[in-house]
1. Looking at the square roots a ≥ b ≥ c of the eigenvalues of the Cα gyration tensor of the range 136-183, which shape do they give, rounded for a/c under 1.5, prolate if a/b is larger than b/c, or oblate?
2. What does the C-alpha gyration tensor say about the overall shape of the range 159-260? Classify as rounded when a/c is under 1.5, otherwise prolate if a/b is larger than b/c, or oblate.
3. Helix 392-406 sits at what angle to the longest principal axis of the chain, using alpha carbons and giving 0 to 90 degrees rounded to 10?
4. Where does helix 137-151 land angle-wise versus the long Cα axis of the chain, in degrees 0 to 90, nearest 10?
5. Using the Cα atoms as the points, what is the convex hull volume per residue of the range 219-388 in Å³?
6. What angle, in degrees between 0 and 90 and rounded to the nearest 10, separates the Cα long axis of helix 115-124 from the longest principal axis of the Cα atoms of the chain?
7. Under 1.5 on a/c is rounded, so check that first for the range 274-321, then, if it is not, pick prolate when a/b is larger than b/c and oblate when it is not; a ≥ b ≥ c are the square roots of the alpha carbon gyration tensor eigenvalues.
8. Give the order of 191, 355, 42 when sorted by the count of other beta carbons within 10 angstrom, beginning with the fewest.
């Protein structure tokens, strides 16, 4: 029997995107032929083509996608041009052509910024199409616009507004024309259904971690020369203004015998390092670079508690379900999280507690409550939830049901 060909589109270089990898690998393991068309930055040395665990990867330079001489120079001048070029079919002929050339039976658009090119490719090939909404993309753009507005850059702000208008039109026009919509949690599924009056609610496929054997260890304590008695709090992921890391650092001042490890990278790292120095927390707050996905849980499991202090700066943040939720649970550590609709569902199951992310005092009080309570019991509960319900082996079945319905 001929393998069905799936072509996925993503606007990152496909090096750390675990949702895309898990979905592609699941399809490969179940008899589909999968190609991921990804975008890489100007001058990147990442290989253009490779086969990763059975997944064919084709990377296109954003310079080629834009297809305009002088784009890199203009990028340095106004910053926003590449984003405008990457959105809207009229500006992405190479991306769409790369997708169309795959002659796929099913196209899979990862997030709104690939939807139009994927849709056009599906029409050219008389193929099915899945729209995978990883977040409320238009709400995320509002955060980007707010940051630009704060910096007072009028040219970038106008560009950001044009991007938002273009993408809003694309999602409104195409979401009802695709064959299936999937997303990451029930709140976003309900939001999309209500906003676009969808006849069928999007299927929820959560970003759960694979069932993995992992146990407690002292990797982070040894790395930073911490006593065994020190409780280790971890945040893992990108450093961004809306992630409440400044308030998390401030909270550490009121948590005794504990250290905070911030594992990742981001454009506010220098600001966070300055805050640590200002508060005199150099011996209690530490930075660790991003680690490879396959090594991640070995680090996570060496902590005692995970933290997610996202701020309510948009509906996208308010309805978030970060990957780190599932990473924390699979690693067997409880979490303290912002009191948001999706985050508090996991706390209510016994995997953690909630706090007000705008208040360092609230964060500190909640951390202290976990450490003074039944920490061992909460660790066991977090791990059992991951083993029994919140793992990729469970969620992948939902993805396969979606694809089965398209055949």
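1. oblate
2. It comes out prolate by the Cα gyration axes.
3. 20 degrees
4. For 137-151 against the chain, the angle is about 70 degrees.
5. Details: hull volume 17.8 nm³, N = 170.
That works out to 105 Å³ per residue.
6. Tilt relative to the chain: about 30 degrees.
7. oblate
8. Exposure proxy ranking, most exposed first: 42, 191, 355.
Just so you know, all these numbers are worked out from the coordinates, no wet-lab data involved. Predicted model only: the values in this text are computed from it and were never measured. Backbone-built Cβ (ideal geometry, glycine too); neighbour counts: all protein chains shown.
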